[in-house]
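Asks: Have a look at this one.
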Amino acid sequence: MDAREFKQRYMPHHQMLYRVAYHLTGNAQDAEDLLQDLYLKLWQKRDDLPDEAMEQAYLVTMMRNLFIDQRRLKHLDASAELKSEDGPLDERSLESQIDARDEVRQMEGLISELSERDAKIIQMHLVDDRSYEEIERDTGLSQGNIRIIVMRTKKKLKQQIQNITKTWTN
């Protein structure tokens, strides 16, 4: 599937998917991030997707699962999650955990390339899930400056991920 066909299949669902993402995340920035992650995942798996992947129900389910995976990554230690499960893991959940770990490693590599200040702030905000107030206390920077740094750093990381994705797909 080329980019033109991909756009024809999935872009008509953009507004509906954004509304679902906003409902799941509760804010516009996280909804945009989630939607971008969904499109990235669709693009990466574009040649392996079943025909029903063009249907809204399939896309909404895929987004919901992506949202749940991201929340697990953010709030749970993956090894503790593996130990606490009662039964054997099914193949799909194991694959999603492996994909999630790979994404985390990739993101950690990109964060390590940032300036020390930006890396520290994005680490505190995204990984440690600390509020702007807590970051302000620890860094001495104003909340306004922290918000700008977080916004610009997220934008930079997204661009780097897009560049990597372009390299993989070309």
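Asks: Please pick out the residue among GLU116, GLU134 that is surrounded by 13 or more Cβ atoms within 10 Å (Cβ to Cβ) and out of contact with any helix residue (DSSP H, G or I) (no Cβ under 7 Å at 6 or more places or on another chain).
Replies: Going through GLU116, GLU134 in turn, the sole match is GLU134.
Asks: Has the stretch 147-163 got at least one residue that is open to solvent by 60 Å² or more (accessible area, probe 1.4 Å) and outside any helix (DSSP H, G or I)?
Replies: Taking every residue of the stretch 147-163 in turn, none turns out to be open to solvent by 60 Å² or more (accessible area, probe 1.4 Å) and outside any helix (DSSP H, G or I).
The values are calculated or read from the model by the stated rules, or taken from the named source; none is laboratory data. On a predicted model such as this, the values are computed, not experimentally measured, just so you know. Virtual Cβ from ideal backbone geometry, glycine too; neighbours counted across all protein chains shown. To get the accessible areas, we keep the full protein, side chains included, count just its heavy atoms, and leave off ligands, DNA and RNA. Shrake-Rupley method; radii C 1.70, N 1.55, O 1.52, S 1.80 Å.
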